[in-house]
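The next block holds one structure in the form of structure tokens; read it before the comments.
The values are calculated or read from the model by the stated rules, or taken from the named source; none is laboratory data. Small disclaimer: the values here were computed from a predicted structure and weren't measured. Methodologically, a virtual Cβ is constructed for each residue, glycine included, from the backbone with ideal geometry; neighbour enumeration extends over all protein chains shown. Side chains are part of the model used for accessible areas, which takes the heavy atoms of the whole protein and leaves out ligands, DNA and RNA. Shrake-Rupley method; radii C 1.70, N 1.55, O 1.52, S 1.80 Å.
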4 protein chains.
Amino acid sequence: MAKLWKKGYGLDADAEDYTVGEDYLLDQELLPYDVQASVAHAEMLSECGYLSKEEAGSIVSALKKLGTLEIKKGDEDSHTAIENYLVEKLGETGKKIHTARSRNDQCLVAMRLYFKDHLQKLESETNSLIEGLKKKKDVPMPGYTHTRKAMPSSSGMLFSAYADSLEDDLALLQSVKKILDKNPLGSAAGYGVPLKISKESTTSKLGFGKTQGNPIHCANSRGKYELLVANVLTSIMLDLNKIASDLILFSTPEFGFFKLSKELCTGSSIMPQKVNPDPLELVRANYHVVSGYEAMIKGICSNLISGYHRDFQLTKGPALKSMKITLSSLKVMQKIISGLEPDEEKMKEAMSKELYATEEAYKLVEQGVPFRDAYKEVGKRFM
Amino acid sequence: MAKLWKKGYGLDADAEDYTVGEDYLLDQELLPYDVQASVAHAEMLSECGYLSKEEAGSIVSALKKLGTLEIKKGDEDSHTAIENYLVEKLGETGKKIHTARSRNDQCLVAMRLYFKDHLQKLESETNSLIEGLKKKKDVPMPGYTHTRKAMPSSSGMLFSAYADSLEDDLALLQSVKKILDKNPLGSAAGYGVPLKISKESTTSKLGFGKTQGNPIHCANSRGKYELLVANVLTSIMLDLNKIASDLILFSTPEFGFFKLSKELCTGSSIMPQKVNPDPLELVRANYHVVSGYEAMIKGICSNLISGYHRDFQLTKGPALKSMKITLSSLKVMQKIISGLEPDEEKMKEAMSKELYATEEAYKLVEQGVPFRDAYKEVGKRFM
Amino acid sequence: MAKLWKKGYGLDADAEDYTVGEDYLLDQELLPYDVQASVAHAEMLSECGYLSKEEAGSIVSALKKLGTLEIKKGDEDSHTAIENYLVEKLGETGKKIHTARSRNDQCLVAMRLYFKDHLQKLESETNSLIEGLKKKKDVPMPGYTHTRKAMPSSSGMLFSAYADSLEDDLALLQSVKKILDKNPLGSAAGYGVPLKISKESTTSKLGFGKTQGNPIHCANSRGKYELLVANVLTSIMLDLNKIASDLILFSTPEFGFFKLSKELCTGSSIMPQKVNPDPLELVRANYHVVSGYEAMIKGICSNLISGYHRDFQLTKGPALKSMKITLSSLKVMQKIISGLEPDEEKMKEAMSKELYATEEAYKLVEQGVPFRDAYKEVGKRFM
Amino acid sequence: MAKLWKKGYGLDADAEDYTVGEDYLLDQELLPYDVQASVAHAEMLSECGYLSKEEAGSIVSALKKLGTLEIKKGDEDSHTAIENYLVEKLGETGKKIHTARSRNDQCLVAMRLYFKDHLQKLESETNSLIEGLKKKKDVPMPGYTHTRKAMPSSSGMLFSAYADSLEDDLALLQSVKKILDKNPLGSAAGYGVPLKISKESTTSKLGFGKTQGNPIHCANSRGKYELLVANVLTSIMLDLNKIASDLILFSTPEFGFFKLSKELCTGSSIMPQKVNPDPLELVRANYHVVSGYEAMIKGICSNLISGYHRDFQLTKGPALKSMKITLSSLKVMQKIISGLEPDEEKMKEAMSKELYATEEAYKLVEQGVPFRDAYKEVGKRFM
């Protein structure tokens, strides 16, 4: 299959496998965004006189018919697959699609569109979880510090705290979405192109908030913007990790405050009695997976001079995979919250007197005893 | 020295050393913020009738005279040091300062004030660096991809890309500053207090944008908000890592595009000729230090149920240290940029003909040759 | 498809997708090891009287014919696939294979066999790289510190340093291989089984060095042993990262000490002249990928009480993937080293006089000048 | 204060602060090892004719009297402090100590001696913990999987599993100690010295197992050997994290299997009744601190060409600090284990019938029922 950079001698087969890696598989998910940007690019080239109206028309029409093209290993990536497809369909005209662009800005713009779209989905799934949390019944239960009973609390206060924390994530998400909302198309390989193209035209066609003017900034934002998105994902997953940690413990028979929906538990292959909270455990663990992917991105982008390096290709997997994990974790958590039942009897029983020790100290305070003395007085009752 | 929670038996000496750790040293930096919040707390207690006007007056007056109290290991932390100081100065009245608060919300509010103040400093230092970058002379130089010459670029384009990237960081910083701008005082140990206090009063006195209402959300934001700040710091340090990587390479004799100020280089203990870019190397390495501190925070906060755990104490060091490193790295980088001189002769020499290969291909494109054919045609000249 | 723990109600479809994850794909690679252990298990059960000779014989014979069974998503994992296969083939007898074992120890033993086998491969690939390095021609070249010329060195000294460092990795590998060389089969779900089985029998049949006696130790080594292997992989990848970093820089035209084989370079989609060291860049980046997978394992295993948790499932992907990446990176690096050519002319030119400054200082030392004075004297010549 | 590389112009004050960092503080701990190596170096220089017997004698004698020299910020590091001290005491003779060495190999050898000494301490503290674990009473208790009761277990089996896991760490420790047991002194700045020195002599004097011959290997092992030690520390801390996670949960009133010594618990500043397991929580959290330091080392050492870079200086803090944390965590854990009391009543109560479900299934198996059918039969009783 034709490589865009082919020069007449072949790449070593092992080296080819190694360099392509899983890129051709990952790009399957990026393909629609690559096509969308290619359409805008072709139309802009026509506006600027680099393609005739007919050429642009046939390219756009071919791209719109492309559907679910399967990217083969030999294609290397979606960018190559698209050009190969156009050359096959349109001959000479197809060879013009790559005018004034590089795979670098093509990848940048596809990732950017992917992120904008998926941050939207993330926002929507997060909001659904928040709504689910707000619908739950409010039942008094003990509040814990140091995994020990502390003061009176309630399931409503707990769920509302989850919701507040997810709202913080949404604020971060909005900010990252705005930072990313810049069109990098036209930056080519990171140093622009010596042609009179209109970046503003593709910015408008693709619905970006603004044009990312400096081409080196475009190139250097590869990996860095992936990291910003990863920050959002890690932040959300840390909240889900907290919810999962709470529910795994509070649904043990020893605590017994909540019952998990049976449809969301699994069993053991050896112990007949077991009902295990596997989805919650996997949510908990997936925080670390997403956090590990963030670590990959942070490492890959470091100690590199400005401009593109092939290293950046390996930020794509972590970015796409951690987005997918976070979205599915949010969905599973929505179901878990929805199916969760408080065991009001158990919760009531658990409201034992040590939870009210601070309140007792405050009663002495209201009688004029300095707080530290009241604290010591009440403390003696629990020794 | 009196522990706030003392119960009549001693803590094992090794366990005490282990639990106090470096907290008493770190808290020295938090002390002014702790005092500021304690003043607001005392005034609020008086407004709400838990302290007489005289008591509040004497507490506030003592706190304002406190100056640079040295926190001793035996004090455990700044919170204890403040209460011990007030009891020593004011007797019974001092024992009332801890009414309606816990060390948990006291620490939360002090950290919050510290962050607000230091994010401001960070913004200001980042802006100074951006200004410094914009002042540098613009000289043509080669643009690199894959650490190989790619297309024509310029030092102005490069420095302006740094500035754009730092602007992205500032957008993130603004967003994080806003998320953090909530008053947690009054959340006590994470479950509020059964007293009629006014959180709104301390919110207003301390200049917070809003009150963080849900006390569990307050408790659970310990560590999580540290992570948000760490995201900002890592983002800035990644930019500085890029600048450092560029300048270390571009100031080698082999490249020779820039000369570093001698006052910012060090020598070797054995090789008499050496002039080494040590500050740049340390900026590069400090990205990893800050990123490692972020990893600590991410790990410490995971797999824990809601509510306070002593684990969170260990997020304080990473937070304060990475803030300090980032601020000093920004300052050093300002000086490095300010002292940097382009070697225009070397840069001119480096503008060799392969940089113009893409331009040549585009000349063929302008003559009607499809881009991919033009690319192949020009490619032959470089084989 | 039958789940081993099925209880008469279905698992929610999304939860099932979420819990199965990519496990059924990963297990394809573990299947041969799972089969190998199942054979030993069946034979042991027969020896201990839990299976008749005929039953064991038919199970072993069916397992040996199993070949490349495709594990379907509905199978959940290789353990289930094997039992389902045996029940389908052998009816009642198949239902007996899971006697005295759990999926936990089944997975533990399969991973252990996988690791033993792949550590062997890793050792062999590392040795091949060492041999390749030792075969390269020795040519004088500058030695660098701080990315600046320091003292005279040679390509032979450099390659031999790589080899020495890889030898260190092999020492670590040997040690980890020995730690892992323990049979966990029979630990069941982490608390053994109340049956009279012989762990020693499977230990011997499977070629393990010893039996891992304590079943909780077996359960708790899930993740921990993955981390030990990850330590070895990270160590090797850090060496390859160093080699890659050297060769990327030393093969730039600006340095020019080495020429890379063209078959191991790729081009640009836009710049006709480019010959890029992509495989080296991916080796460099893959260090961070492997290191990120290690971070996942480190995070997943933390803050969990003893005994199995579903979280551990997610250590499988990082373990298998980082092993695969390291093996392929070693192979690619062997080819890169094999195709590498020194540019002796360029290397000779680069041996400039500042490299000999320390030697000059030592000449003064030999004449009786104290070293620090000699250093200062020679230093003046380079100011 | 004289810098070893001083050239007649000053380093910018901020840059000096930035480059020295906390090195002068960290080096206080390395000083005895630096002195030990300096003594061996002086004696070797005399044997090889670079110092007269008198000169060497006076240097060695001065070094032995050096005691607890305080390293000042202006000294930069222990290497400079030692040379400055010798010049002050001995004049011209002092200026000869740095003959045939660089701060690079001086630091390498000091770190190596520090590691050898502290790995020994680590081994000893780990062994003490193992012994402590083996002394505890064995009481039946439930075994857990998925944080739910699984099968019968015992505290003895649990503690013995901890011990077995720590034994694995000791095997890793031995291997790392052996890898590190090489003398790097004489490698100078990473390219040796053009003098006839005897590395074997210092190898023997300092008690190293062998000489690290290749000077580039010596230079490149900076950071890499720190990583190997970090692997050992992380491995031990992961075990302590597991023990801490178990004991925090199992000592809650809800589980109640163990009572912690009161001398190892702390209280709350607001809640009079609280007895919190703070040392255990800090052990748990310190795993993440040590793991974060490991991440720093892994990041700092990456993407750097061969030879020394100033970046490596920043691996010193993580190495020394994580060693210190691990040693103190082991000590605290020894005390915690020693003071731990089983609550036999609570443990007995907890041995409820679902723990025996697997045993019941096996009773059916012994009666000839295929395991999977027996499992389903018993499973029905728990639905």
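Here are some conditions: (1) free of Cβ contacts under 8 Å to residues at least 24 places away in the same chain; (2) open to solvent by 10 Å² or more (accessible area, probe 1.4 Å). A:Ala161 meets all but one. Which one does it not meet?
Condition not satisfied by A:Ala161: (2).
Given the conditions (1) assigned to a strand (DSSP E or B); (2) touching a helix residue (DSSP H, G or I) at 6+ places or on another chain (Cβ under 6 Å), which single one is not true for D:Val176?
(1)
Would you check if C:Lys72 is more than 22 Å from C:Arg112 (Cβ to Cβ), without any contact (Cβ under 8 Å) to a residue 60 or more places away in the chain and not assigned by TED's automatic domain parsing to the domain that holds C:Pro184?
Answer is no for this residue.
Mind listing just one residue for me: the one in the range A:362-374 that is among the aliphatic types (A, V, I, L, M) and outside any loop (DSSP other than H, G, I, E, B) and, of those, nearest to the other protein chains (Cβ to nearest Cβ)?
A:Val365
If you check C:Leu31 against the conditions, is it touching a residue at least 40 places away in the same chain (Cβ under 8 Å) and open to solvent by 50 Å² or more (accessible area, probe 1.4 Å)?
So C:Leu31 does not fit the description; no.
Could you list, in sequence order, all residues of the range D:227-258 that are of a type outside the set (A, V, I, L, M, F, W, C) and under 18 Å from D:Gly143 (Cβ atoms)?
D:Lys242, D:Ser245, D:Asp246, D:Ser251, D:Thr252, D:Glu254, D:Gly256
Test A:Leu119 against the stated conditions and say whether it is part of a helix (DSSP H, G or I), in contact with a Lys or Arg (Cβ under 9 Å, 6 or more places away or on another chain), assigned by TED's automatic domain parsing to the domain that holds A:Asp169 and crowded, with 20+ Cβ neighbours inside 10 Å.
yes
Conditions: (1) surrounded by fewer than 24 Cβ atoms within 10 Å (Cβ to Cβ); (2) within 11 Å of another protein chain (Cβ to nearest Cβ); (3) in a helix (DSSP H, G or I). B:Ala219 meets all but one. Number of the miss?
Failed condition: (1).
For C:Gln36, all conditions in the list (1) farther than 22 Å from C:Lys196 by Cβ; (2) within 10 Å of another protein chain (Cβ to nearest Cβ); (3) at pLDDT 95 or above hold save one; what is the number of the exception?
Among (1) farther than 22 Å from C:Lys196 by Cβ; (2) within 10 Å of another protein chain (Cβ to nearest Cβ); (3) at pLDDT 95 or above, C:Gln36 violates only (2).
Pairs, please: C-beta under 7 Å, at least 6 apart or cross-chain, first residue within 9 Å of chain D (Cβ to nearest Cβ) and in the range B:315-337, second of a type in the set (Asp, Glu)?
B:Thr315/B:Glu226; B:Gly317/B:Glu22; B:Lys331/B:Glu125; B:Lys331/D:Asp14; B:Val332/D:Asp14; B:Lys335/D:Asp12; B:Lys335/D:Asp14
Do you know which residues across the range A:322-342 are buried (at least 19 other Cβ atoms within 10 Å of the Cβ) and under 26 Å from C:Asn286 (Cβ atoms)?
A:Ser322, A:Met323, A:Ile325, A:Thr326
Free of Cβ contacts under 8 Å to residues at least 40 places away in the same chain and closer than 21 Å to D:Ala189 by Cβ: which single residue out of D:Lys64, D:Lys89, D:Lys95 fits that description?
Going through D:Lys64, D:Lys89, D:Lys95 in turn, the sole match is D:Lys95.
Whether any residue in the range A:349-362 is free of Cβ contacts under 8 Å to residues at least 12 places away in the same chain and farther than 16 Å from B:His98 by Cα is what I want to check.
yes
Which members of the range A:205-216 meet the condition of being crowded, with 24+ Cβ neighbours inside 10 Å and either aliphatic (A, V, I, L, M) or within 20 Å of the chain's Cα centre (by Cα) (or both)?
Selection gives A:Ile216 alone.
Which condition number does A:Asp278 fail, the rest of (1) open to solvent by 10 Å² or more (accessible area, probe 1.4 Å); (2) among the acidic types (Asp, Glu); (3) at the interface with chain C (Cβ under 7 Å from one of its Cβ atoms) being met?
That leaves (1) as the condition not met.
Specify which of the listed residues (D:Glu377, D:Glu359, D:Glu294, D:Glu345) is of a type in the set (Asp, Glu), in the same structural domain as D:Tyr225 (by TED's automatic domain parsing), assigned to a helix (DSSP H, G or I) and open to solvent by 20 Å² or more (accessible area, probe 1.4 Å).
Unique residue meeting the criteria: D:Glu345.
Quick check on this structure: which one of D:Asp169, D:Asp181 is under 20 Å from the mean Cα position of the chain (by Cα) and open to solvent by 20 Å² or more (accessible area, probe 1.4 Å)?
Criteria check complete, one pass: D:Asp181.
Could you pull out the residue among D:Leu320, D:Leu304 that is part of a helix (DSSP H, G or I) and either touching a Gly at 6+ places or on another chain (Cβ under 9 Å) or in the same structural domain as D:Asn220 (by TED's automatic domain parsing) (or both)?
D:Leu320
How about the range C:222-245: which of its residues are surrounded by 24 or more Cβ atoms within 10 Å (Cβ to Cβ) and farther than 28 Å from D:Met237 by Cβ?
C:Ile243, C:Ala244 - these are the residues of the range C:222-245 that are surrounded by 24 or more Cβ atoms within 10 Å (Cβ to Cβ) and farther than 28 Å from D:Met237 by Cβ.
Within the range C:181-203, is even one residue closer than 22 Å to D:Val176 by Cβ and not in a strand (DSSP E or B)?
Among the residues of the range C:181-203, at least one is closer than 22 Å to D:Val176 by Cβ and not in a strand (DSSP E or B), which makes the answer yes.
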